[in-house]
Amino acid sequence: MNQTPKKTMLISKGWIQAVALVMLFGFFVMGLLAYYTYTDQPPIPAKVTDANGNVLFTGADITAGQEIFLKNGLMEYGSIFGHGAWLGPDFTADYLHRAAEMTLDAHGGPASDAARQQTINDFKTNRYDAATGVLVFSAAQADAFQKLTAHYADFFGAPTTKFGLRPHAITDPEQIRQLTAFFCWSAWAGSTLRPGKDYSYTNNWPPESLVDNHATAEALVWSMLSLATLLGGIGLLFAAFGRWNFLGWHGRQEQSISFRPPDEVLLTPAQRACAGYFLVMALLFFLQTMFGGAAEHYRAELSDFFGFDLAQILPFNLARTYHLQLAIFWVATSYLAAGIFLVPMITGREPRGQGGLTYALLGALALVVFGSMAGEYAGVFGWIQNGWSWFGHQGFTFLDLGHFWQILLTVGLFFWVVVLFRGLRNRLRGEHMGNMPWLFFFAALSIPAFYAVGLLVHTDSNFTTTDFWRFWVVHLWVEDFLELFTTVMVAYIFVLLGVVNQRVAMRLIYLDVVLYSAGGVIGTMHHLYFSGEPAQHMALGAFFSAAEVIPLTFLTVEAWSFLQLGAQQSDQTRAPFPHFWSVMFLAAVGFWNFLGAGVFGFLINLPIVSYYEIGTALTANHSHAAMMGVYGMLAVGLALFCLRYLIPEKLWSDRAAKISFWSLNLGLAWMVFATLFPLGIIQLYHSISVGYFDARSLKFISGHANSLLEWLRLPGDAVFILGGTLPVLYLCWLGVWRRKQQPPRENPDGVLFVEIHETKDFGGQK
């Protein structure tokens, strides 16, 4: 039997070489940074003693305290090294400030210059002996530790919900002592000079005048250089656009397209099964917004939810856990379903049993979602003692789910890749590995591969190490490889619609990979300026995170091309374009990518800004605008594209899609500009002028001016939830209960248009 020869690559192989070069360079550097993370992280002493040799706590106590911090979900309440939640204090800064005040009083008080200098010497002098593993505290520091143990006992053992936590959250004296030891170690790392350096293990973070913690020269210099990188990179980008006019989204010229009416597109069993995914997506989306509203209200009223003491059953740390985790779950559900839905359209066939596997994957997803949520509830309320990190609340922000559920999710994602491969297998055999079908498969494979890096995060490892690997998931997985997969899907949708040809789509995919990876891989380090990493992490993180903004500028320039590729096709076609609102959501992605990820992200990624801002409302401003504005809008847009074929034409509602689009965008804009951004600016100003400790205190956060701004968020939240999520839920319900009544097809038609009349093929240069 003669084997069909494989198709040649449709564009120049130089694109593959460019991608390979960028990837090899990026991950080579990341490997070096991983090495230096392990070698230069703040040491955990074997024991900490006072000047007389009395043991205050041990390294085992520090590790146990870290696990207590995570077990009780406190990283979803406050933060360590600036990373975590933003209601409670940053416990590194909190301990350092309180201990410095106590030490200053012990030496003679703030009126004494000698007392101030002695306090600085106590905290700046590195008295850790690497040979013996012993760290010696001054008498004043040792006394401060004892007093602060009592302080945190009162704080976490409070019998009421006045701090936003459940009553009697932690009452065991030994656990309190260990938790305080963990806070103390982080404060020591934040203030004590690195051996041979004039700055601390955390690059002098947190800002604290009492111990002479100020921004380093590196923070200032690399902030200026990152600005220069941004301006130069944008200039080069526009120069490239002027030189090579084939870059960007371009449709075919002089063409007439007849889009196939959605009712005429017959679906496979797997595609019909995707309706269930979208309903689950919409339900999780709605729940996520409700938990987000609850979490936000704590910043307006700490122990009162419209007259109800919500923290008794849903303390802040649990509400925020659900809010963040469900954001990942509902967005991922949409992407998984869209991937499965597109495969039969790409290949023109579907193997038998694909529908059953699709339903099985949905069941596994539901198990992970609701199983992990139950575990987190039990963990926060202390119902799980042994095995808490496996089945309860693992405790890391964005990786809250227990290790068992994390493994199940990873396995489920790989199973999803297997499902895609079954559908793509025959098509892949006849394609060059650089063409779009293989790009689709490789992009899908990268999702579980890089999510699996999160399995390297362990509750008993040095916190600096765990944060390094955690941000491989939070940043690298989300902002690079999830972005890659969505780019491939969007490109394939336009190819299937006949709006662009594969050459144009492939150039866009490769260009995106090069641009995103050039900055996005090493740019991961912008999260880790002050987590105990050496200074080179800051230098590289600042430089390459500035480069991340460049492709976002490119996307903004091209955002309106989405509209031209879709909506304007109606002028040339015999059938109306069926995906106007899907394309509108894609255009919104371009806008929010530039504003939320680009402008707001770059603002806080400057090291000198991040030094005073990390863990404030400006961080929340960036994360909301980027996560919802980019990945959320794209998830809804992909869902609408698929639902357009699942819902009978007579039941489809453009009005519902329109209401959802404007409500989500207006609600998000209100959230950002009426609340989060002004709150962040106020908090940043307070941090610089008064002090970071005070800017992160509950007293400041719940103050009158801030509380008023938090209340002003309510109208935007109502528009977002009621007008934004409920219409999506309605359409997804139609997709399940009113699906087109037609016999399932094993061999669907592979394109979504029926005719193209061309006089010229706009493919551009290779």
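The values are calculated or read from the model by the stated rules, or taken from the named source; none is laboratory data. Nothing here was measured: the structure is a model prediction, and the numbers come from that model. FYI the Cβ positions are ideal-geometry reconstructions off the backbone, even for glycines, and counts take in every protein chain you see.
Looking only at region 638-670, which residues are within 17 Å of Phe285 (Cα to Cα) and modelled with pLDDT under 95?
Matches in region 638-670: none.
Conditions first: (1) under 16 Å from Ala332 (Cα atoms); (2) free of Cβ contacts under 8 Å to residues at least 60 places away in the same chain; (3) surrounded by 16 or more Cβ atoms within 10 Å (Cβ to Cβ). Leu401 passes all but one, so which condition is the exception?
Here Leu401 clears every test but (2).
Under 6 Å between Cβ atoms, which residue pairs at least 6 apart in sequence (or on different chains) link something in region 494-513 that is at pLDDT below 80 with a partner that is not in a helix (DSSP H, G or I)?
Gly498/Ile257; Gly498/Phe753; Gly498/Ile756; Val499/Gly251; Val500/Gly251; Asn501/Gly763
If you take the residues of region 477-493 that are aliphatic (A, V, I, L, M) and free of Cβ contacts under 8 Å to residues at least 60 places away in the same chain, which of them is surrounded by the most Cβ atoms within 10 Å (Cβ to Cβ)? Give the steps one after another, and end with the answer.
Quick first cut of region 477-493, residues aliphatic (A, V, I, L, M) only: 478, 482, 484, 488-491, 493.
Among the residues that remain, those that are also free of Cβ contacts under 8 Å to residues at least 60 places away in the same chain are: 484, 488, 491.
Numbers: Leu484: 22, Val488: 26, Ala491: 23.
Among them, the one singled out is Val488.
Conditions tested, residue by residue: (1) part of a loop (DSSP other than H, G, I, E, B); (2) in contact (Cβ under 8 Å) with a residue 12 or more places away in the chain; (3) farther than 22 Å from Thr466 by Cα.
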| residue | (1), (2), (3) |
| --- | --- |
| Ser12 | yes, yes, yes |
| Trp15 | no, yes, yes |
| Leu21 | no, no, yes |
| Thr37 | no, yes, no |
| Pro45 | yes, yes, no |
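Yes or no, residue by residue, for (1) over 24 Å from Asp143 (Cβ atoms); (2) hydrophobic (A, V, I, L, M, F, W, C):
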| position | (1), (2) |
| --- | --- |
| Phe69 | no, yes |
| Asn72 | yes, no |
| Glu76 | yes, no |
| Phe81 | yes, yes |
| Arg98 | no, no |
| Leu104 | no, yes |
| His107 | no, no |
| Pro110 | no, no |
| Arg116 | no, no |
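Condition check ((1) of a type in the set (Asp, Glu); (2) modelled with pLDDT of 95 or more; (3) surrounded by fewer than 23 Cβ atoms within 10 Å (Cβ to Cβ)) across all residues:
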{"position": "Gly371", "(1), (2), (3)": "no, yes, yes"}
{"position": "Trp383", "(1), (2), (3)": "no, no, yes"}
{"position": "Gly392", "(1), (2), (3)": "no, no, no"}
{"position": "Thr397", "(1), (2), (3)": "no, no, yes"}
{"position": "Ile407", "(1), (2), (3)": "no, yes, yes"}
{"position": "Phe415", "(1), (2), (3)": "no, yes, yes"}
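With the requirement that a residue be small (Gly, Ala, Ser), crowded, with 19+ Cβ neighbours inside 10 Å and within 22 Å of Leu302 (Cα to Cα), what does region 703-729 give you?
Filtering region 703-729 down to residues small (Gly, Ala, Ser) leaves 703, 705, 707, 716, 718, 723-724.
Pick out the ones that are also crowded, with 19+ Cβ neighbours inside 10 Å and you get 716, 724.
Within region 703-729, Gly716 is the sole residue that qualifies.
Give region 216-243 a look and list any residue that's buried (at least 18 other Cβ atoms within 10 Å of the Cβ) and either within 30 Å of Asp113 (Cβ to Cβ) or among the acidic types (Asp, Glu) (or both), or say none. Lay out the reasoning, then the answer.
Going through region 216-243, the residues buried (at least 18 other Cβ atoms within 10 Å of the Cβ) turn out to be 216, 218-219, 222-223, 226, 229-230, 233.
The answer is Thr216, Glu218, Ala219.
For Phe591, all conditions in the list (1) touching a Leu at 6+ places or on another chain (Cβ under 6 Å); (2) in contact (Cβ under 8 Å) with a residue 24 or more places away in the chain hold save one; what is the number of the exception?
Failed condition: (1).
For Val500, which of the numbered conditions (1) assigned to a helix (DSSP H, G or I); (2) farther than 25 Å from Gly375 by Cβ fails to hold?
(1)
List the residue pairs whose Cβ atoms are under 6 Å apart, where the first residue sits in region 460-471 and is free of Cβ contacts under 8 Å to residues at least 40 places away in the same chain and in a helix (DSSP H, G or I), the second is surrounded by fewer than 20 Cβ atoms within 10 Å (Cβ to Cβ) and of a type outside the set (A, V, I, L, M), and the two are 6 or more positions apart or on different chains.
Note: no pairs meet the criteria.
Which residue is farthest from Leu515 (Cα to Cα), if the candidates are limited to region 547-586 and must be at pLDDT 85 or above and in contact with a Phe, Trp or Tyr (Cβ under 7 Å, 6 or more places away or on another chain)? Walk me through how you get there before you give the answer.
Going residue by residue through region 547-586, those that are at pLDDT 85 or above are 578-586.
This time we only want the ones that are in contact with a Phe, Trp or Tyr (Cβ under 7 Å, 6 or more places away or on another chain), so: 578-579, 581-586.
Values: Pro578: 31, His579: 28, Trp581: 28, Ser582: 25, Val583: 23, Met584: 24, Phe585: 23, Leu586: 19 Å.
Among those that are at pLDDT 85 or above and in contact with a Phe, Trp or Tyr (Cβ under 7 Å, 6 or more places away or on another chain), it is Pro578.
Go through region 588-618 and count every residue that is part of a loop (DSSP other than H, G, I, E, B), over 15 Å from the mean Cα position of the chain (by Cα) and surrounded by 24 or more Cβ atoms within 10 Å (Cβ to Cβ).
Kept after step one, since they are part of a loop (DSSP other than H, G, I, E, B), are these residues of region 588-618: 606, 614-616.
Going one step further and asking which of them are over 15 Å from the mean Cα position of the chain (by Cα), we end up with 606, 614, 616.
If we keep only those that are surrounded by 24 or more Cβ atoms within 10 Å (Cβ to Cβ) too, we end up with 614, 616.
Adding up the residues that qualify gives 2.
Looking only at helices (runs of 4 or more DSSP H) that lie completely in region 298-395, which have at least 2 residues being within 23 Å of the chain's Cα centre (by Cα) and of a type in the set (Gly, Ala, Ser)? Can you show your working first?
Numbers: elements: 316-347, 354-380, 388-391.
Answer list for region 298-395: 316-347, 354-380.
Hey, any hits in region 688-702 for a residue that's surrounded by fewer than 20 Cβ atoms within 10 Å (Cβ to Cβ), acidic (Asp, Glu) and outside any helix (DSSP H, G or I)?
No: region 688-702 contains no residue that is surrounded by fewer than 20 Cβ atoms within 10 Å (Cβ to Cβ), acidic (Asp, Glu) and outside any helix (DSSP H, G or I).
Is it the case, given these coordinates, that Phe25 is more than 30 Å from Gly615 (Cα to Cα), in a helix (DSSP H, G or I) and either touching a strand residue (DSSP E or B) at 6+ places or on another chain (Cβ under 8 Å) or aromatic (Phe, Trp, Tyr) (or both)?
Numbers: more than 30 Å from Gly615 (Cα to Cα): yes; in a helix (DSSP H, G or I): yes; either touching a strand residue (DSSP E or B) at 6+ places or on another chain (Cβ under 8 Å) or aromatic (Phe, Trp, Tyr) (or both): yes.
Considered against the rule, which asks whether it is more than 30 Å from Gly615 (Cα to Cα), in a helix (DSSP H, G or I) and either touching a strand residue (DSSP E or B) at 6+ places or on another chain (Cβ under 8 Å) or aromatic (Phe, Trp, Tyr) (or both), Phe25 comes out as yes.
Thr524 is checked against (1) within 15 Å of the chain's Cα centre (by Cα); (2) at positive phi and fails just one. What number does that condition carry?
Unmet for Thr524, out of (1) within 15 Å of the chain's Cα centre (by Cα); (2) at positive phi: (2).
What residue, among those in region 105-132 that are assigned to a loop (DSSP other than H, G, I, E, B) and polar (S, T, N, Q), is farthest from Ala144 (Cα to Cα)?
Start the filter on region 105-132 by keeping residues that are assigned to a loop (DSSP other than H, G, I, E, B), which leaves 108-112, 125-127, 130-132.
The next check asks that each one be polar (S, T, N, Q); those that pass are 112, 125-126, 132.
Numbers: Ser112: 19, Thr125: 17, Asn126: 18, Thr132: 24 Å.
Of everything passing the filter in region 105-132, Thr132 is farthest from Ala144 (Cα to Cα).
Which condition does Gly82 not pass, out of (1) touching a His at 6+ places or on another chain (Cβ under 7 Å); (2) at positive phi, if it passes all the others?
(1)
Identify all residues within region 648-669 that are of a type outside the set (A, V, I, L, M), assigned to a helix (DSSP H, G or I) and surrounded by fewer than 18 Cβ atoms within 10 Å (Cβ to Cβ); write none if there are none.
Asp654, Arg655, Lys658, Trp662
For region 684-710, give me each residue that is of a type in the set (Val, Ile, Thr) and touching a residue at least 12 places away in the same chain (Cβ under 8 Å). Don't jump to the end; show me each part of the working.
Going residue by residue through region 684-710, those that are of a type in the set (Val, Ile, Thr) are 688, 690, 701.
Hits for region 684-710 are Ile688, Ile701.
Looking at region 334-353, can you tell me whether even one residue there is among the acidic types (Asp, Glu) and within 13 Å of Arg272 (Cα to Cα)? Even if it seems obvious, please write down each step before you answer.
Step one: list which residues in region 334-353 are among the acidic types (Asp, Glu), which gives 350.
Still in the running and within 13 Å of Arg272 (Cα to Cα): 350.
Yes: one or more hits.
Here are some residues: Thr358, Thr333. Which one is touching a Leu at 6+ places or on another chain (Cβ under 9 Å) and hydroxyl-bearing (Ser, Thr, Tyr)?
On the way: Thr358 fails: touching a Leu at 6+ places or on another chain (Cβ under 9 Å).
From the options Thr358, Thr333, the qualifying one is Thr333.
Looking at Leu698, Leu722, Leu731, Leu726, can you tell me which residue is under 19 Å from Phe341 (Cβ atoms) and modelled with pLDDT of 90 or more? Step through it out loud before you land on a result.
Values: Leu698 fails: under 19 Å from Phe341 (Cβ atoms); Leu722 fails: under 19 Å from Phe341 (Cβ atoms); Leu726 fails: under 19 Å from Phe341 (Cβ atoms).
Criteria check complete, one pass: Leu731.
Can you name the residue in region 422-459 that is among the β-branched types (Val, Ile, Thr) and in a helix (DSSP H, G or I) and, of all such residues, is surrounded by the most Cβ atoms within 10 Å (Cβ to Cβ)? Break it down into steps so the answer makes sense when it comes.
Filtering region 422-459 down to residues among the β-branched types (Val, Ile, Thr) leaves 447, 453, 457, 459.
Among the residues that remain, those that are also in a helix (DSSP H, G or I) are: 447, 453.
Working: Ile447: 22, Val453: 16.
The qualifying residue surrounded by the most Cβ atoms within 10 Å (Cβ to Cβ) is Ile447.
Of the conditions (1) among the aromatic types (Phe, Trp, Tyr); (2) within 30 Å of Arg272 (Cβ to Cβ); (3) touching a helix residue (DSSP H, G or I) at 6+ places or on another chain (Cβ under 8 Å), Phe370 satisfies every one except a single condition; which number is it?
Here Phe370 meets the rest and fails (3).
Sort through Ser517, Ser531 and tell me the only one that's among the small types (Gly, Ala, Ser) and assigned to a helix (DSSP H, G or I). Give the derivation first.
Numbers: Ser531 fails: assigned to a helix (DSSP H, G or I).
That would be Ser517, the only listed residue that is among the small types (Gly, Ala, Ser) and assigned to a helix (DSSP H, G or I).
Out of (1) at pLDDT below 75; (2) exposed (fewer than 14 other Cβ atoms within 10 Å of the Cβ); (3) closer than 28 Å to Leu651 by Cα, what's the single condition that is false for Glu264?
Result: Glu264 fails condition (1) only.
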